[in-house]
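Everything on this sheet refers to the single structure shown next.
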Amino acid sequence: MQRMNERRAFVLGLIPIATVAVAAAACGSPAGMPATQSTQAMATQSTQAMATQSTQATATQPTAPAQEFTSEWYGFRVTLTKDWSGDDAVVDWDGAKLQGLRSPAFARFADPATGRTLVAGAARVAEGMGLAEWRAAMVRAAPPVCSESSSVEETSLGGEPALAWIATCSDGDAIKLAALHGRRGYIIFLDSQTAKDAEDRRIFESIRNSFRFTP
């Protein structure tokens, strides 16, 4: 009997402690909200606050200033970042051979900070020439130090169908693109030491998307 009385006294002694704990949790909760729901609400608010801060940080990241270059010689314009410089072609290209990066027959754009160079040229094509035929002519026009990939990606340039591929050369790699517009065949390529990496691909796609033919 004495042991039962001691056990009852122990249980009765726990009741005030439990009551205090529940009251404390209730005091930290919004009015009328159970403690569990309050904890979940606080976690949700914390997650939303972090997401808002992340969005604000992304929105305030500066974007690289852009500048537009126009080739009067070959009738196109392209948008590049402020670090690039450009020189237009000064003589016609015959379309028979892909000459050096500094050829006066090519419009040339360079980023000295990264060593990337964008080259573009155009030549009159025979009536009825198709895109695949023009691309094959550009493969034949490549210098012997370059190996042209047989894997071709269908894409577009200034609203015209285009074909893109990779060339591996002894002095660096290049992403090349061939397109037809009017009676001209166009070739553009981004020359880089690492033309196969993701950053070069991103830059090339940005250039391609900004490319516009002009009257």
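The values are calculated or read from the model by the stated rules, or taken from the named source; none is laboratory data. It should be emphasised that the depicted structure is a prediction, and the values quoted were computed from it without experimental measurement. In case anyone asks, the SASA skips ligands and DNA or RNA and just uses the protein heavy atoms, side chains included. Shrake-Rupley method; radii C 1.70, N 1.55, O 1.52, S 1.80 Å.
Here the accessible area is traced with a 1.4 Å probe on the protein chains. For the stretch 138-183, carbon and sulfur cover 50 percent of it. Amide hydrogen proximity for residue 173: with H placed 1.01 Å from N in the peptide plane, the residues at 5 or more positions away or on another chain lying under 5 Å are 192, 193, 194, 195.
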